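Quick notes on the structure that follows.
The values are calculated or read from the model by the stated rules, or taken from the named source; none is laboratory data. If you're wondering where the values come from, they're calculated on a predicted model, not measured in any experiment. Backbone-built Cβ (ideal geometry, glycine too); neighbour counts: all protein chains shown.
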Amino acid sequence: MATLHRTLVAPFALLAMVPTVFGQACPARHQFKFSDGGQACISDYAFAEEAAVGWPISVQRLIPVSGIYSITSSPRDGTCPAVVGMVISRKNTNTPLIAQVRDEPREREEAARKDCQKKVDLSKAADTSCPCKLVIEDGVSPMTQRDFDSFMATAAAVRKP
């Protein structure tokens, strides 16, 4: 009986040891790093719950376990429409081929940026400049944490709890 109890409890004990980011559990596939060495959990940001262009589900649900993906976004400055582009790689995945799957980082970034920009351009006022930028690629942001928070209009103290 004690062996059965340990067998049932062991997996839950391991889950309790999952590293945390900002005081809450963050699945490894949702963790990302900034160019200045900081780290965050994608679920700390509101865009994680938005559907990416061409996908019916949220960005955080789309992030593949392989960690090979590109996410672009419009600026969140209040004058631009909130749009997220996302493209994943089919390398190391068991998913069927789909329209938004690309293999090379440059190809993924370009496709995600084009998807994002096309939707922004259709949605925005003609006199507003709203360039989509790469915000996360393969678990790393090309921005510092400060630049990322500024671009996403999210102060550290205002991130989702």
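Only one entry in Pro131, Pro64, Pro96, Pro75 is modelled with pLDDT of 90 or more, over 16 Å from the mean Cα position of the chain (by Cα) and not aliphatic (A, V, I, L, M), namely Pro131. When residues in the stretch 82-93 are screened for being at pLDDT 85 or above, assigned to a loop (DSSP other than H, G, I, E, B) and either in contact with a His (Cβ under 8 Å, 6 or more places away or on another chain) or among the small types (Gly, Ala, Ser) (or both), 1 of them pass.
Taking the stretch 102-123 on its own, how many of its residues are closer than 17 Å to Pro142 by Cα and basic (Lys, Arg)? Qualifying residue count, the stretch 102-123: 3. Exactly one residue out of Asp44, Asp77 is in contact (Cβ under 8 Å) with a residue 60 or more places away in the chain and exposed (fewer than 15 other Cβ atoms within 10 Å of the Cβ), and it is Asp77.
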